[in-house]
Amino acid sequence: MITVAVIGGGAAGMMAAWKAASRGAAVSLFERQSRVGRKLAVTGNGRCNLTNLNAGPDSYHGTDGGFAAYALEQLGPERTRELFRSLGLLTVAEPGGRVYPLSDTAGSVVDVLRYAIQAAGVCLYDSCEVSGIQHSGDGFRVTWEGGSLEAERVIVACGGMAGERFGGTKLGYRLLESLGHRCTPLRWSLVQLRSDNPQCRSLKGVRADASVTVLRKGGVIARSAGEVQFTDYGLSGPAVFEISRAALEKPGTVVSLDLLRCVNEEELTEMLLRRAGNTPGLTLGDAFLGTVQNRIGRVLVSAAGLKSSDELKNLDEKTARRLAKLAKGFEFPVTGDMGAANAQVTVGGIRTDDFDPATMESRLCPGLFACGEVLDIDGDCGGYNLQWAWSSGSLAGASAAEV
Ligand SMILES: Cc1cc2nc3c(=O)[nH]c(=O)nc-3n(C[C@H](O)[C@H](O)[C@H](O)COP(=O)(O)OP(=O)(O)OC[C@H]3O[C@@H](n4cnc5c(N)ncnc54)[C@H](O)[C@@H]3O)c2cc1C
């Protein structure tokens, strides 16, 4: 019986441990936190967006995003849903392809995996932080404070540094570096953006449906659409997370929000002029009544350098056009992000050219495997990162169990 040590009881590690044990290996799973799947339990705002029906190689990035293709081919979104169904988890797909547990609770995903690894006979070491992996005979010695264990194969599934509050750490990079692997520069993505637009504070707490465009040196570098949340430091919300990778790649980017994507600038200008002509007694602050949230309307007026208390009836075409232009392209210069503690995924990681994409085994150190976020692969927003954890974890577990 092959002995396998899996380091990290997150999404990828639990999947790898279950897969290896189901294939007949004797598996030990190490988790530094007091329970497995702690980050998994908070994903998707507690709902766990566990995959996306559109997940394919193009949804992944890194020095070589194509490294993910083989693992995804072996276990894509539909097969992942079937696999979870076989473990007793029912799922639903929402428009746009995002898949959630039918229970709408991330804890259900953790529960089915926890019971699956238990039923498969995985030996769980929780509250146990692995501090070293050394070569030993034909295999490895895994050490932690107060103990050690020999295993023929080791799978490193320690995750990345994003989401520090839920267990994000750099330990996985250090363990793999100690065995000769190299790490790319690290940053993070799927994160809230900071902006020095002074209007952020006045809009704090407001949500809007918007088209989001990232501009750099006048050119468009990324787009998304959906919910944007205004905060005192800048911008948050799913549509902002989606473009955060591109917005943070280089300095000097600007996020432009189209807050009225159902009308064009011309139509909006006419609407504003019509209101000014038809509705006596209103002030400029009421110009956007019925089109955007009232606070957004007033902020647009002030951002255009106008006084909300002025009479709307005096609105001329030039000013109406200026207001329409602003509503269709409200700009927020990006000055930073909210850091690893708040980010959902790490950009960068252990270089994938030193691993075989068909097995997830190290080319430098036979018998050593890695999966999940610790590797230099990150996915788009919307269930893609967990899909990578399932696909790579399953492949690493199956390969490590092979006699
Ligand atoms: C708030 C938040 C929400 C998210 N929502 C979604 C979502 O809805 N959909 C989606 O696709 N992705 C989401 N993500 C991203 C997704 O959770 C991660 O990409 C995924 O969990 C990575 O899986 P992993 O197993 O590689 O790492 P992790 O899930 O981070 O697991 C790694 C585990 O290893 C343990 N560990 C680390 N070092 C050691 C050591 N030395 N010894 C023992 N144990 C160790 C850690 O404690 C941790 O439990 C979200 C992330 C965050 C932070």
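The values are calculated or read from the model by the stated rules, or taken from the named source; none is laboratory data. Source: prediction; values computed, not measured. When we count neighbours, we look across all protein chains shown, and the Cβ atoms used for this are built from the backbone with ideal geometry, even at glycine. Surface accessibility is based on the protein's heavy atoms, side chains included, excluding ligands, DNA and RNA. Shrake-Rupley method; radii C 1.70, N 1.55, O 1.52, S 1.80 Å.
With the requirement that a residue be farther than 19 Å from Asn342 by Cα and open to solvent by less than 60 Å² (accessible area, probe 1.4 Å), what does segment 34-45 give you?
Selection gives Val36 alone.
Is it true that Val220 is free of Cβ contacts under 8 Å to residues at least 12 places away in the same chain, of a type in the set (A, V, I, L, M) and surrounded by fewer than 20 Cβ atoms within 10 Å (Cβ to Cβ)?
Yes: the conditions hold for Val220.
Among all residue pairs at least 6 apart or on different chains, which show Cβ distances below 6 Å where the first residue, located in segment 14-38, is over 13 Å from Ala396 (Cα atoms) and the second is at pLDDT below 95?
Ala26/Met1; Gln33/Gly167; Arg38/Phe166; Arg38/Gly167
Could you grab me the full set of residues in segment 383-403 that are over 15 Å from Ala358 (Cβ atoms), at pLDDT 95 or above and not in a helix (DSSP H, G or I)?
The answer is Gly383, and nothing else.
Please go through segment 3-14 and pick out each residue that is more than 8 Å from the ligand (Cβ to nearest atom) and either assigned to a helix (DSSP H, G or I) or open to solvent by 20 Å² or more (accessible area, probe 1.4 Å) (or both).
Thr3
Would you be able to say whether some residue in segment 168-178 is in contact (Cβ under 8 Å) with a residue 12 or more places away in the chain, crowded, with 24+ Cβ neighbours inside 10 Å and in a strand (DSSP E or B)?
So far as segment 168-178 goes, no, none of its residues is in contact (Cβ under 8 Å) with a residue 12 or more places away in the chain, crowded, with 24+ Cβ neighbours inside 10 Å and in a strand (DSSP E or B).
Evaluate the following for Val191: is it in contact with a Gly (Cβ under 8 Å, 6 or more places away or on another chain) and open to solvent by less than 40 Å² (accessible area, probe 1.4 Å)?
Yes: the conditions hold for Val191.
Restricting to segment 232-259, what's the tally of residues that are within 14 Å of Asp209 (Cα to Cα) and part of a strand (DSSP E or B)?
5
Any residue at all in segment 43-56 that's without any contact (Cβ under 8 Å) to a residue 60 or more places away in the chain and either near the ligand (Cβ under 10 Å from one of its atoms) or assigned to a helix (DSSP H, G or I) (or both)?
There is at least one residue in segment 43-56 that is without any contact (Cβ under 8 Å) to a residue 60 or more places away in the chain and either near the ligand (Cβ under 10 Å from one of its atoms) or assigned to a helix (DSSP H, G or I) (or both).
Being within 16 Å of the ligand (Cβ to nearest atom) and either more than 24 Å from the chain's Cα centre (by Cα) or part of a strand (DSSP E or B) (or both): is that true of Glu266 here?
The answer is no for Glu266.
Which ones in segment 141-157 are open to solvent by 20 Å² or more (accessible area, probe 1.4 Å), within 14 Å of the ligand (Cβ to nearest atom) and not in a strand (DSSP E or B)?
Of everything in segment 141-157, those that are open to solvent by 20 Å² or more (accessible area, probe 1.4 Å), within 14 Å of the ligand (Cβ to nearest atom) and not in a strand (DSSP E or B) turn out to be Glu145, Gly146.
Restricting to segment 15-33, count the residues that are open to solvent by less than 10 Å² (accessible area, probe 1.4 Å) and either near the ligand (Cβ under 6 Å from one of its atoms) or not aliphatic (A, V, I, L, M) (or both).
Matching residues across segment 15-33 total 1.
Of all residues being without any contact (Cβ under 8 Å) to a residue 40 or more places away in the chain and surrounded by fewer than 21 Cβ atoms within 10 Å (Cβ to Cβ) in segment 349-364, which is nearest to the ligand (Cβ to nearest atom)? Just the residue, please.
Going through the qualifying residues, I end up with Asp356.
May I ask you to verify whether Ala327 is farther than 30 Å from Pro185 by Cα and touching a strand residue (DSSP E or B) at 6+ places or on another chain (Cβ under 9 Å)?
In short, yes.
With Gly367, Gly290, Gly336 as the choices, which residue is small (Gly, Ala, Ser), modelled with pLDDT under 95 and either surrounded by fewer than 21 Cβ atoms within 10 Å (Cβ to Cβ) or over 26 Å from Ala55 (Cβ atoms) (or both)?
None of the other options fit; the residue is Gly290.
For segment 245-278, what are the residues that are of a type in the set (A, V, I, L, M, F, W, C) and without any contact (Cβ under 8 Å) to a residue 60 or more places away in the chain?
Ala246, Cys262, Val263, Met271, Leu272, Leu273, Ala276
What is the one condition in (1) in a loop (DSSP other than H, G, I, E, B); (2) within 16 Å of the ligand (Cβ to nearest atom); (3) free of Cβ contacts under 8 Å to residues at least 60 places away in the same chain that Gly160 does not satisfy?
Of (1) in a loop (DSSP other than H, G, I, E, B); (2) within 16 Å of the ligand (Cβ to nearest atom); (3) free of Cβ contacts under 8 Å to residues at least 60 places away in the same chain, only one is false for Gly160: (3).
Return yes when Phe288 is closer than 22 Å to Ala210 by Cα, in contact with a strand residue (DSSP E or B) (Cβ under 6 Å, 6 or more places away or on another chain) and among the aromatic types (Phe, Trp, Tyr) and no when it is not.
Judged against the criteria, Phe288 is not a match.
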